[in-house]
Amino acid sequence: MLQIPRVTEEGRLGPVNSALVPRYGGAPTYALLPRLDEAVAAGHTPEIKVVGVPFDAGVSYRPGARFGAGHVRQSSRLLRPYNPATDTSPFAQAQVVDAGDMAVNPFHLDEAIETIQQDALDLTADGSSLLTLGGDHTIALPLLRAAAARAGGPVALLHFDAHLDTWDTYFGAEYTHGTPFRRAVEEGILDTEAISHVGTRGPLYGKKDLDDDHRLGFGIVTSSDVFRRGVDEVVDALRQRIGDRPLYISVDIDVLDPAHAPGTGTPEAGGLTSRELLEILRGLRGLDLVGADVVEVAPAYDHAEITGIAASHVAYDLITLLAERRAARKAKEDAA
Ligand code: MN
Ligand code: MN
């Protein structure tokens, strides 16, 4: 068997060493990180798990997000171990692994939701954090159920998306990629004092969409707010609203302008740049992030991996936040 040399820092098994192995070869795990079973076999304890959900039975327009996780992994080969934006090495701060894909039923949406919820609970049973690659946005509901169960109560939510995703039903269906956050509020798994959309834009069915969304408790930072108020002011407002609550972040890649993320199911003009999104995420350091997802990457509409690269970097900065949070918590526990 071929030996695969890996970067090892702080006793943690990191990415394939791309100074010794060309990064375009070999298995496309996320950021060339070890597989879950590989890390465990080598005696390492997983702390952050990247998991894929190849599922798009909840989409209302272009299908194809079932291929999203694989595409983001392929587009993540160029990621490196040190994050200069935060001056941290996330793969040294926590043992990050690729846990593969969940086996979700493509023909039975309710069963798929059950599977995702159960798999998310199983993957976090050892106390590790989850970074999920979608899949369409339907998957956020079971992921939030699992996150709230692990957090021991409702969680705060930052939802990056061109869309509200708080519609009631579509063609009579309660569970679609346009409804997860209304269902989550109804189920009492979100802390409605601290839930916000960021990056919304585009035409709606009517003003009632916004009224309903407001009634559910959501705050809105529109895409033009980010442009007009700027990243720092937006970050301050979001941090104030979240406070020290356990926080889940859900990123629909269509929050980015189609120029930055063409490969998605329901694109809308006038979106965030990838730079703006990454800068907002970097402004969230120190918050109690408990889990995150990046969804709605549909590679059939992508070009030159533009969307895949954006999504892989968004995931990288989310992992940076998760790793730093875990390291800070551990340092506090060790000191106590
Ligand atoms: Mn969307
Ligand atoms: Mn969405």
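Going by the conditions given, is G135 among the small types (G, A, S), without any contact (Cβ under 8 Å) to a residue 60 or more places away in the chain and part of a loop (DSSP other than H, G, I, E, B)?
Criteria not met by G135.
Which of (1) touching a Phe, Trp or Tyr at 6+ places or on another chain (Cβ under 6 Å); (2) away from ligand 1 (no atom under 14 Å from the Cβ) does T266 not meet, given it meets every other one?
With respect to (1) touching a Phe, Trp or Tyr at 6+ places or on another chain (Cβ under 6 Å); (2) away from ligand 1 (no atom under 14 Å from the Cβ), T266 is out only on (2).
Suppose we filter the stretch 268-285 for residues that are closer than 14 Å to V221 by Cβ and outside any loop (DSSP other than H, G, I, E, B); how many remain?
6
Residues of the stretch 35-61 being more than 18 Å from T124 (Cα to Cα) and touching a residue at least 60 places away in the same chain (Cβ under 8 Å), which ones?
P54, F55, D56, A57, G58, V59, S60, Y61
Going by what's in this entry, would A184 be described as open to solvent by less than 10 Å² (accessible area, probe 1.4 Å), more than 15 Å from ligand 1 (Cβ to nearest atom) and not in a loop (DSSP other than H, G, I, E, B)?
yes
Quick check on my filter: what residues within the stretch 100-129 are part of a helix (DSSP H, G or I) and open to solvent by 40 Å² or more (accessible area, probe 1.4 Å)?
Residues satisfying the conditions are D110, E111, E114, Q117, Q118, D119, D122.
With the condition kept exactly as written, say whether any residue in the stretch 298-309 is in contact with a strand residue (DSSP E or B) (Cβ under 8 Å, 6 or more places away or on another chain) and away from ligand 2 (no atom under 16 Å from the Cβ).
If we filter the stretch 298-309 for residues that are in contact with a strand residue (DSSP E or B) (Cβ under 8 Å, 6 or more places away or on another chain), which is where we start, we get 298, 301, 307-308.
Still in the running and away from ligand 2 (no atom under 16 Å from the Cβ): 308.
Checking the stretch 298-309: at least one residue is in contact with a strand residue (DSSP E or B) (Cβ under 8 Å, 6 or more places away or on another chain) and away from ligand 2 (no atom under 16 Å from the Cβ).
Among the residues in the stretch 142-153, are any part of a loop (DSSP other than H, G, I, E, B) and modelled with pLDDT of 95 or more? Can you show your working first?
Of the residues in the stretch 142-153, the ones part of a loop (DSSP other than H, G, I, E, B) are 152-153.
Next, from what is left, pick out any that are modelled with pLDDT of 95 or more: 152-153.
Yes, because at least one residue in the stretch 142-153 is part of a loop (DSSP other than H, G, I, E, B) and modelled with pLDDT of 95 or more.
Can you confirm whether G68 is in a loop (DSSP other than H, G, I, E, B), open to solvent by less than 40 Å² (accessible area, probe 1.4 Å) and touching a residue at least 60 places away in the same chain (Cβ under 8 Å)? Break it down stepwise before answering.
Values: in a loop (DSSP other than H, G, I, E, B): no; open to solvent by less than 40 Å² (accessible area, probe 1.4 Å): yes; touching a residue at least 60 places away in the same chain (Cβ under 8 Å): yes.
Here the answer is no, as G68 does not meet what is asked.
Before we move on, is T132 open to solvent by less than 10 Å² (accessible area, probe 1.4 Å), within 11 Å of the chain's Cα centre (by Cα), within 15 Å of ligand 2 (Cβ to nearest atom) and polar (S, T, N, Q)?
Spelling it out, T132 is indeed open to solvent by less than 10 Å² (accessible area, probe 1.4 Å), within 11 Å of the chain's Cα centre (by Cα), within 15 Å of ligand 2 (Cβ to nearest atom) and polar (S, T, N, Q).
Might you let me know whether the stretch 216-233 holds any residue that is in contact with a strand residue (DSSP E or B) (Cβ under 6 Å, 6 or more places away or on another chain), away from ligand 1 (no atom under 16 Å from the Cβ) and part of a strand (DSSP E or B)?
Checked the stretch 216-233: at least one residue is in contact with a strand residue (DSSP E or B) (Cβ under 6 Å, 6 or more places away or on another chain), away from ligand 1 (no atom under 16 Å from the Cβ) and part of a strand (DSSP E or B).
Which is within 16 Å of ligand 2 (Cβ to nearest atom), within 20 Å of the chain's Cα centre (by Cα), over 30 Å from L123 (Cα atoms) and of a type outside the set (F, W, Y), of V235, V221?
Result of the check over V235, V221: V221.
Determine whether the stretch 162-177 contains at least one residue that is in contact with a helix residue (DSSP H, G or I) (Cβ under 8 Å, 6 or more places away or on another chain), in a helix (DSSP H, G or I), at negative phi and touching a residue at least 24 places away in the same chain (Cβ under 8 Å).
No, because not a single residue in the stretch 162-177 is in contact with a helix residue (DSSP H, G or I) (Cβ under 8 Å, 6 or more places away or on another chain), in a helix (DSSP H, G or I), at negative phi and touching a residue at least 24 places away in the same chain (Cβ under 8 Å).
Need pairs with beta-carbon distance below 9 Å; first residue farther than 26 Å from T88 by Cα and within the stretch 299-320, second at pLDDT 95 or above and hydrophobic (A, V, I, L, M, F, W, C); sequence gap 6+ or separate chains.
Short answer, once both residue conditions are applied: P299/A65; P299/F67; P299/V72; A300/F67; D302/A261.
In this structure, is P90 within 16 Å of ligand 2 (Cβ to nearest atom) and of a type outside the set (D, E, K, R)?
Here the answer is no, as P90 does not meet what is asked.
Name the single residue that is farthest from V290 (Cα to Cα) among those in the stretch 235-260 being away from ligand 1 (no atom under 16 Å from the Cβ) and surrounded by 22 or more Cβ atoms within 10 Å (Cβ to Cβ).
The selected residue is I242.
Which numbered condition trips up T8, out of (1) part of a loop (DSSP other than H, G, I, E, B); (2) surrounded by fewer than 17 Cβ atoms within 10 Å (Cβ to Cβ)?
(1)
Which of the residues belonging to the stretch 149-172 are away from ligand 2 (no atom under 15 Å from the Cβ) and either more than 21 Å from the chain's Cα centre (by Cα) or open to solvent by 10 Å² or more (accessible area, probe 1.4 Å) (or both)?
A149, R150, A151, G152, G153, P154, D168, T169, F171, G172
The values are calculated or read from the model by the stated rules, or taken from the named source; none is laboratory data. All values reported here derive from a predicted model rather than from experimental measurement. Virtual Cβ from ideal backbone geometry, glycine too; neighbours counted across all protein chains shown. Just the protein is used for accessible areas: all its heavy atoms, side chains included, with ligands, DNA and RNA removed. Shrake-Rupley method; radii C 1.70, N 1.55, O 1.52, S 1.80 Å.
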